[in-house]
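Written below as structure tokens is the structure these notes are about.
Please treat every number below as a calculation from the coordinates, not as lab data. The structure displayed is predicted, hence computed values, not measured ones. Every residue, glycine among them, receives a Cβ derived from its backbone with ideal geometry; neighbour counts consider all protein chains shown.
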């Protein structure tokens with residue numbers, strides 16, 4: 001197998017799986033149950049950051065104190081709501097996601113997945129993609145101290161591949177992914193499939209922006225090393 005100079009580190013929600021808005025609705029349901037009033041658009045702007053940071057920012061925006069017990073209930077309610085939506089068939093791989101991963105595998109280009117989600121919600125997305133975490137490096141929120149925009153997830157994913165993070169490409173759909181990539185000293189590739197605009201992703205550090213995994217696959221030779 002030839003030595004590769006590039007590895008891909010993928011976010012999951014909104015990057016490989018069309019699940020961002022289901023996460024938004026799941027958080028909205030969980031917040032409503034706790035009497036926390038937050039507009040849907042504000043929730044969307046926070047999806048992709050760590051849950052702890054999400055609830056910290058949430059407290060600042062609503063002026064409500066969220067204690068540890070309430071935070072734990074929010075996490076449980078969000079996971080239950082998201083998994084219910086998944087079971088109803090509302091969450092599917094994004095166009096080209098399976099094909100992109102297959103192409104990288106075919107070309108012997110290393111890749112891994114790093115998600116701010118916990119394994120209990122990420123596992124369903126991985127199944128939808130046909131990704132076996134026993135065969136592919138997958139790092140979830142459960143396995144690191146800090147999630148995005150801290151770089152821990154991507155650093156851990158690169159380590160799982162045995163790859164220098166500074167030669168890796170981080171693919172994500174949110175500004176939190178791009179900020180984490182910068183802090184890890186990796187190059188960031190932004191996708192529009194999570195709802196952020198191209199200019200937002202570029203300002204957060206993306207050096208290339210594509211529509212979705214299918215668009216990235218069409219332009220793969222712009223960013224992937226070749227033999």
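Here are some notes:
- Across the range 1-130, counting alpha-carbon atoms alone, Rg and Dmax equal 16.8, 56 Å.
- For volume of the Cα convex hull per residue in Å³, the value computed from the atomic coordinates appears in the list (i) 110; (ii) 144; (iii) 131 under label (i).
- Put simply, when 170-176, 29-35 are sorted by average Cβ atoms within 10 angstrom per residue, most first, you get 170-176, 29-35.
- Label-point gap, in nm, between residue 106 and residue 69 - each point 7 angstrom along Cα→Cβ: 5.6 nm
- In plain terms, the C-alpha convex hull of the range 20-87 casts an average shadow of 3.9 nm² when viewed from every direction.
- Our helix-only sum for the chain, with -39,500 (n - 2.57) per DSSP H run of n ≥ 4 divided by its residues, gives a mean residue ellipticity at 222 nm of -13500 deg cm²/dmol.
- Springs join every pair of Cα atoms under 10 Å in this Gaussian network model of the chain, and among 153, 119, 191 the largest mean-square fluctuation is at 119.
- Tensor-based shape of the range 116-227 (alpha-carbon gyration tensor, a/c under 1.5 rounded, otherwise prolate or oblate): rounded
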